Amino acid sequence: MGQTQSYQPNFLTGAQAIMQSLVEQGVTTIFGYPGGAIMPTYDALYDYQDRLHHILVRHEQGAGHAAQGYARMLNKAGVCMVTSGPGATNLITPIADAMLDSTPLVCIVGQVRGNLLGTDAFQECDVIGMSMPVTKWNYQVVDANEIPEIMAKAFYIAETGRPGPVLIDITRTAQSDKMTIPFEYKSIKSLISYKPRIDPKAEHLEAAAKLINAAKKPYILAGHGVLISGAEQELNDFVDKTGIPVATTLLGMSSMDADHPLYVGWPGMHGNYGANFLTNSCDVLIAIGMRFDDRITGDLASYAKQAKVVHIEIDPSEVDKNVKADAPVIGDAKSALKALLPLVNKNEHTEWRNEFRKYDEEEYEKIDKKDIFHTGDKITMGEAVHMLSNKTKGEAVVVTDVGQHQMITNHYYRFKKRNSIVTSGGAGTMGFALPAAFGAKVALPEREVIAIIGDGGFQMTLQELGTIAQSGLPVKIIILNNNFLGMVRQWQELFHSRRYSFVELQNPDFITIAKGFGIDGHKVEDRTELSNSLDTLLNSKTPYLLEIVCEKEGNVFPMVPAGGSVTNVRLE
Amino acid sequence: MLTTYTISIFTTNTVGLLNRITIIFTRRRINIECLTVSETERKGVSRFTIVIRNENREFVEKLVRQIRKITDVLAVFGYLDDEIVFNEIALFKIATPLQGESIDVKTINLDWNAKVVHWGLEYVVVEKNGTEDEIHEFYSYLKKWEILEYIKSGRVAVGKTEKGLVAYLPEGNWEIV
């Protein structure tokens, strides 16, 4: 008799398993950059191009921020794929940003061959160790068989509970080896060691409702959790019934129509006068899906001490972290608001709502009016954003970088449509906006996506103009150029006796740069041309860059000086 | 006033978890007095016992919540000393040269509840179990000899309740080892 032939089924390689896992997870888009240690996976990707749309960025940081913009629009994990060593380290900034801003990411990172681990091999770095403090979860795969389960776990952890970034480090050998078991992708619905609570406890809800019903001057701070859980309608219903004024945090912006009669603006260092000041007058403070960041509270010792605090939050470690909660409600914002609605009484806090108006009026007189109807030679950032808001009817997706223009945008853009802001809040990452706007546009090509960026931040990731040009997607880019690192300059002016230490920039010709990348654009300096310029930008069917030359030494007000009390608001 | 807190952390058995846990302490500049990692009576469950000293109970509570947030952590408890039964183990290598004063095994056994676990040529190794204070006192007693080496383990501790480990873990099939 002949030799026994053992049956050798055609098992997938680890790299194919990564691709197949992504397809079965429902992923359609990958932002990435190839390199040595991830090459087997890029080779497998070659056969998956019909199912997985890979976008080649120009720098790994761009991949990360683009995946963030994508994730923020769709509320599902953005996927990025990079190589080992510098590829991985370049991704650390977006990962840290995503961690602070609760953005789901799945980062697939190549690693050197398994037998080289720990040998200081070419392009080896301990990315697990490095990313540990800034990931929700990370894992190193050394065995191809593990891939389907680990991928499923990665998406589950990234997207559920308080979302966050997950990093999977996969050795080159785990990518190139064949699995020894059949591929099977089972999406994960629960983990024994990780059980985020969605539905709040009944006693928590009752305690919260009791405080809310007894309140004479209740005040809501709506945060990013409202957008993440998709609770905009629930928030609206809750507010319509209870008549409670609402401020939205920087990341919670657009969770409520800016023209809603109960919308009072935003709290925080550069937030609105009344929204800050009256925090210390309310009797019940209802925080929804927010974490009392220091940029919101200022001096904690004098923050809302008179108020009882209801804190609706999915992450238990945030409750009592900065501000003590009298009625904590652990759960998802949507589920909590839905469950609270029948427990709260119908009310109208007209008088209390009106208290905000006098602050609004003073703020308008002292700040908005001067910005919008500026008579100086130069355009102000405020008038540009105000005009943009009117022209887009507040319906665009606005992606901002970090600095003065960011605060101005949130001050003047009147968001009318839900989930329309993408900004780097917690980390304050300059260079965020251009790639993030691109990612947002990839996610929702039917929406107008406008990146508003300062001249400093733009130069941190401007190479992504190449990615945008290659995609052809009509991302609209506005540079508010004041030739300064404006926010630092403002602080130096106000708190360091105008000692302008390294904040003035000699800028390139941004329009020539855009044209070099194949992107149209023009520069506007004259106020009389601003309106037409914005029209040209908005009407463009291709990517477009508008550089608006702004007042050089404009300051952002209101301002609560760092560590100051929310009642200590400077208007000028 | 500094209070001693014992933090018991139950986790799945995962590579790198020790790092993830200690980061939470180092980031907040908290010195770990001692740390013990051990298996438990349930398959796949590890137990970290970490001792810290801190003035602020609220701070420790926040720390416990941050540890609980780690995805591979099953349960975390912060204890005061009177809420746990705890012990440490110390080994002393004592020089016993021929001309020197010989050690008093009877006193070591009966008065100090310790024992000689190894007789070497011109040295002995003495083992002492007990609380940190007891070990410290014993150390003072042994000082009349030359102490060649002294080492003490971290604390191990169990809570003073009638509940078993499974009562603290999330619902699941926790197979006994």
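The values are calculated or read from the model by the stated rules, or taken from the named source; none is laboratory data. Because the structure is a prediction, the values reported are computed rather than measured. With ideal geometry, Cβ positions are generated from the backbone for all residues, glycine too; neighbour counts draw on all protein chains shown.
Of the residues A:Thr528, A:Thr536, which single one is loosely packed, with under 15 Cβ neighbours inside 10 Å and either under 16 Å from A:Val57 (Cα atoms) or modelled with pLDDT of 95 or more (or both)?
A:Thr528
Identify the residue in the stretch B:38-85 that is away from every other protein chain (no Cβ under 14 Å) and of a type in the set (A, V, I, L, M, F, W, C) and, among all such residues, is surrounded by the most Cβ atoms within 10 Å (Cβ to Cβ).
Of everything passing the filter in the stretch B:38-85, B:Ile50 is surrounded by the most Cβ atoms within 10 Å (Cβ to Cβ).
Would you point out the residue of the stretch A:136-149, among those that are more than 12 Å from chain B (Cβ to nearest Cβ) and not acidic (Asp, Glu), that is surrounded by the fewest Cβ atoms within 10 Å (Cβ to Cβ)?
Only one residue tops the list, namely A:Asn145.
Picking from B:Lys115, B:Lys106, B:Lys143, which residue would you name as being farther than 15 Å from B:Leu91 by Cα, surrounded by fewer than 15 Cβ atoms within 10 Å (Cβ to Cβ) and not hydrophobic (A, V, I, L, M, F, W, C)?
Step by step, each of B:Lys115, B:Lys106, B:Lys143 is checked, and only B:Lys106 is farther than 15 Å from B:Leu91 by Cα, surrounded by fewer than 15 Cβ atoms within 10 Å (Cβ to Cβ) and not hydrophobic (A, V, I, L, M, F, W, C).
Among the residues of the stretch A:168-178, is there at least one that is farther than 21 Å from A:Phe11 by Cβ and in a loop (DSSP other than H, G, I, E, B)? Please lay out each step first, then the result.
In the first step, residues of the stretch A:168-178 are kept if they are farther than 21 Å from A:Phe11 by Cβ; the result is A:169.
Within this subset, residues satisfying the condition of being in a loop (DSSP other than H, G, I, E, B) are none.
Taking every residue of the stretch A:168-178 in turn, none turns out to be farther than 21 Å from A:Phe11 by Cβ and in a loop (DSSP other than H, G, I, E, B).
Within the bounds of the stretch A:126-135, is there any residue that is of a type outside the set (Val, Ile, Thr), within 14 Å of chain B (Cβ to nearest Cβ) and touching a strand residue (DSSP E or B) at 6+ places or on another chain (Cβ under 8 Å)?
yes
Tell me the residue from B:Val166, B:Val158 that is outside any loop (DSSP other than H, G, I, E, B), within 14 Å of chain A (Cβ to nearest Cβ) and touching a Phe, Trp or Tyr at 6+ places or on another chain (Cβ under 9 Å), please.
B:Val166
When you check B:Glu134 against the structure, is it under 18 Å from the mean Cα position of the chain (by Cα) and not assigned by TED's automatic domain parsing to the domain that holds B:Ile50, yes or no? Don't jump to the end; show me each part of the working.
Details: under 18 Å from the mean Cα position of the chain (by Cα): yes; not assigned by TED's automatic domain parsing to the domain that holds B:Ile50: yes.
In short, yes.
What tally of residues in the stretch A:51-104 results from selecting those that are within 20 Å of A:Met130 (Cβ to Cβ), in contact with a Leu (Cβ under 9 Å, 6 or more places away or on another chain) and charged (D, E, K, R)?
Selection size over the stretch A:51-104: 2.
Can you pull out the residues in the stretch A:339-386 that are in contact with a Gly (Cβ under 7 Å, 6 or more places away or on another chain) and of a type in the set (S, T, N, Q)?
A:Asn347, A:Thr380
Restricted to the stretch B:76-103, and to residues that are without any contact (Cβ under 8 Å) to a residue 60 or more places away in the chain and of a type in the set (Val, Ile, Thr), which residue is nearest to B:Glu149 (Cα to Cα)?
Checked the stretch B:76-103; the qualifying residue nearest to B:Glu149 (Cα to Cα) is B:Ile94.
Please enumerate the residues belonging to the stretch A:488-500 that are loosely packed, with under 15 Cβ neighbours inside 10 Å and in contact (Cβ under 8 Å) with a residue 24 or more places away in the chain.
Once the filter is applied, which keeps residues that are loosely packed, with under 15 Cβ neighbours inside 10 Å and in contact (Cβ under 8 Å) with a residue 24 or more places away in the chain, the stretch A:488-500 yields A:Leu494, A:Phe495.
Is it the case that B:Gly16 is within 14 Å of chain A (Cβ to nearest Cβ) and either under 20 Å from the mean Cα position of the chain (by Cα) or charged (D, E, K, R) (or both)?
On the way: within 14 Å of chain A (Cβ to nearest Cβ): yes; either under 20 Å from the mean Cα position of the chain (by Cα) or charged (D, E, K, R) (or both): no.
No.
From the residues in the stretch A:86-105 that are within 14 Å of another protein chain (Cβ to nearest Cβ) and closer than 16 Å to A:Ala154 by Cα, which one is surrounded by the fewest Cβ atoms within 10 Å (Cβ to Cβ)?
Out of the qualifying residues, it is A:Met99.
Out of A:Val569, A:Val560, A:Val503, report the one residue that is surrounded by 13 or more Cβ atoms within 10 Å (Cβ to Cβ), farther than 22 Å from A:Ala384 by Cα and either in the same structural domain as A:His405 (by TED's automatic domain parsing) or without any contact (Cβ under 8 Å) to a residue 24 or more places away in the chain (or both).
When all the criteria are applied, what remains is A:Val503.
Which fully enclosed helices (runs of 4 or more DSSP H) of the stretch A:338-398 have 2 or more residues being under 29 Å from A:Phe238 (Cα atoms)?
A:350-363, A:381-391
It is to be established whether one or more residues within the stretch A:170-188 are under 27 Å from B:Thr71 (Cα atoms) and within 14 Å of another protein chain (Cβ to nearest Cβ).
The answer is yes; a qualifying residue exists.
Mind counting the residues in the stretch A:291-337 that are more than 14 Å from chain B (Cβ to nearest Cβ) and in a loop (DSSP other than H, G, I, E, B)?
Final tally of qualifying residues: 11.
Among the strands (runs of 3 or more DSSP E) lying completely within the stretch A:400-512, list those that include at least 1 residues that are over 25 Å from A:Gly230 (Cα atoms).
Numbers: elements: A:421-423, A:449-454, A:476-481.
So the answer is A:449-454, A:476-481.
I'd like to verify a number: residues in the stretch A:189-216 that are among the small types (Gly, Ala, Ser), away from chain B (no Cβ under 14 Å) and surrounded by 15 or more Cβ atoms within 10 Å (Cβ to Cβ), how many?
Residues that pass the stated criteria total 4.
Just for helices (runs of 4 or more DSSP H) wholly inside the stretch A:181-243: which have at least 3 residues that are hydrophobic (A, V, I, L, M, F, W, C) and touching a strand residue (DSSP E or B) at 6+ places or on another chain (Cβ under 6 Å)?
Result: A:202-214.
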